[in-house]
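Everything on this sheet refers to the single structure shown next.
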Number of protein chains: 2
Amino acid sequence: MDYKNIKEKKFLINGGLGMIGSTIAKILAKHDAEVTIVDAMIKPFGANMFNIEKFKSKVKVHLVDIKNTSKMEELVADKDVIFNLAGQIAHNDSIDNPIYDAKMNYLYQLNVMECVRKVNPTAKILFSGSRLQFGKIINIPVNEKHTSFPETPYALHKQATENMYQFYHQQYDIDTVVFRIANPYGPRGQIMHAKYTIINFFIRQALEGKTILIFGDGSQLRDYIFVEDLAKAFINAAFVEESKGQVFNIGSGKGVSFKNMVKEITRLVGDGDFQHISWPDNYINVETGDYVTDIKKAKALLDWEPRVNFQEGIKKTVEFYSKHLNKYKS
Amino acid sequence: MDYKNIKEKKFLINGGLGMIGSTIAKILAKHDAEVTIVDAMIKPFGANMFNIEKFKSKVKVHLVDIKNTSKMEELVADKDVIFNLAGQIAHNDSIDNPIYDAKMNYLYQLNVMECVRKVNPTAKILFSGSRLQFGKIINIPVNEKHTSFPETPYALHKQATENMYQFYHQQYDIDTVVFRIANPYGPRGQIMHAKYTIINFFIRQALEGKTILIFGDGSQLRDYIFVEDLAKAFINAAFVEESKGQVFNIGSGKGVSFKNMVKEITRLVGDGDFQHISWPDNYINVETGDYVTDIKKAKALLDWEPRVNFQEGIKKTVEFYSKHLNKYKS
């Protein structure tokens, strides 16, 4: 896509020091757009100053929590596009602390939306929802009309925020976009544990020569989307008028078995091993079954399609962490 | 319904000093059940100590906010049934302060639910949702499957809590019940302004010889449910096993035009007058169209039906406020 007038637009990225946010920032900075990053750098989430190291002179960074209403009112006031990627990102953690998840993934998102409604109601505002909103998968590929039965507080609150976005679009004509994202992976993700981006964590394990544990037989299909492709979908959505008020399922559109994902990683890293173990109880309860995204709507409306296939994506990710492992492992 | 073993059951009523909660408490106390009321008496909501004056020796009252996790854990621990009626109750106010509404009508409800899950997961927990969750009405009478497009933050958050109840039922087998309530009225409601129970406020105006203002032509149908009938539906639901995990639309099942409601009030009070004025902007945006409840499911599963018709209900309410106006008008 030709990002027309991109230099005249002002972008705000909440959670802009994380994997997805910083990748969006990188692409926007490359086009000399005016980029402001907001991040509270809350531990244990994925914010990392190193994520923007190479282009930090081209972006403004505010270490602000999105729950801070007066600061957020100032920050959204003059922006054309607001990407909302700040949040609690581990759905298993949300089971242990649903109240915290409700604040991070619903209440503070509502705070940002209210700031937009009050001080800048014509801005475009985009939200990162999750494939987990669907719960148990009835049929693949999953399109936007699939039933939604969240199985974790994380998924419940992502759905609540999607509903809130729809509400603000309908009642106040706010220019909202929601992505229900499959499994993103790629450079810039936190790899301290297995809870966030499983591919990234497994790459770390392989690089360290460890044995990767696969729950069950690893036959479940997942849709792994390379973060650069995902970031481009976000940016395209910001430029396309027809995205207003819409919800999109975003993924690679391809299913890869969990086991093959692990094999590909060990093959490309040239180290590490894997072993099958049985599912822990708290995981099997929220296992959704095979997931593959139907990306027809996104392709049709966003002038977008994934460009980086699975092998290439893994390769790029392995290269990144081979170089920068020490910046991400603690 | 025969409330078998009612004396052996322990009931908790959150928001138990308000109109609906205190009416439930009154009926339970009459049956010598063990009743505990929790209320934070937050202004400007409907809590009023006078609501329980006649049976206060038979109920325990805790002036606790439902957001207080440790106190709520203690309070829910030994209960068999928990009625959740605490909340922000004016849908127009929610437009001015959606964040506050999100806390009151979602976050703190989640807090109560988490207390139940942690310390008393076999308790029955009931929630007062609203007919406003439906938004614009497509066809009447409205059954449980009607589409839901909330038009105020109040309705959005009532829906979010309903979804949360469904989630806890599905994931943790919690014994949840949700009522989507039409327009309740009757003794014990706050009448300081028109925002809560419109019938009650109009009765005050008529008793004070004032002119009641009707927006538009007053032809819109509403379903007014007498609070004693509503309270009995709640209590029946607490005794019926089949209510587990269910959502019910609760109302009188009858439509009364707004204008006829006002006429009936002025006729029975024998004073007051009315006048038509045009709709204020912020009201017309959230006007849902005619509303009449389809109460088939509630009748079938709850061994319940409304017993007090509209004329009787108005009469009882007029009698109540004629006697006790000074306890409720300020």
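The values are calculated or read from the model by the stated rules, or taken from the named source; none is laboratory data. This is a predicted model, so every value here is computed, not measured. Neighbour counts are summed over all protein chains in view; Cβ atoms, including those assigned to glycine, are modelled from backbone coordinates with ideal geometry.
Some observations on this one:
- Residue match in segment B:122-133 (condition: within 14 Å of another protein chain (Cβ to nearest Cβ), closer than 21 Å to B:G253 by Cα and assigned to a helix (DSSP H, G or I)): yes
- Cross-chain or 6+ apart pairs with Cβ under 6 Å, segment A:147-176 first and more than 7 Å from chain B (Cβ to nearest Cβ) and surrounded by fewer than 24 Cβ atoms within 10 Å (Cβ to Cβ), then basic (K, R) and in a helix (DSSP H, G or I): A:Y172/A:R117
- Selected residue (criterion: farthest from B:C115 (Cα to Cα)) from residues of segment B:173-232 that are assigned to a strand (DSSP E or B) and of a type in the set (D, E, K, R): B:R222
- For B:M104, the criteria (1) more than 18 Å from the chain's Cα centre (by Cα); (2) within 14 Å of chain A (Cβ to nearest Cβ) hold in every case but one, which is (1).
- Hey, B:I52 in contact with a Phe, Trp or Tyr (Cβ under 7 Å, 6 or more places away or on another chain) and crowded, with 21+ Cβ neighbours inside 10 Å or not: no
- Selection status of B:E305, acidic (D, E), more than 14 Å from chain A (Cβ to nearest Cβ) and in a helix (DSSP H, G or I): no
- The condition of being within 14 Å of another protein chain (Cβ to nearest Cβ) and modelled with pLDDT of 95 or more holds for only one of B:G251, B:G245, that being B:G245.
- Some residue of segment A:85-102 being modelled with pLDDT of 95 or more, touching an Asp or Glu at 6+ places or on another chain (Cβ under 7 Å) and more than 29 Å from A:N183 (Cα to Cα): no
- Output for segment A:177-203, where each listed residue is surrounded by 21 or more Cβ atoms within 10 Å (Cβ to Cβ) and of a type in the set (K, R): A:R180, A:R188
- Taken over segment A:80-106, the residue count meeting the criterion of being small (G, A, S) and not in a helix (DSSP H, G or I) is 3.
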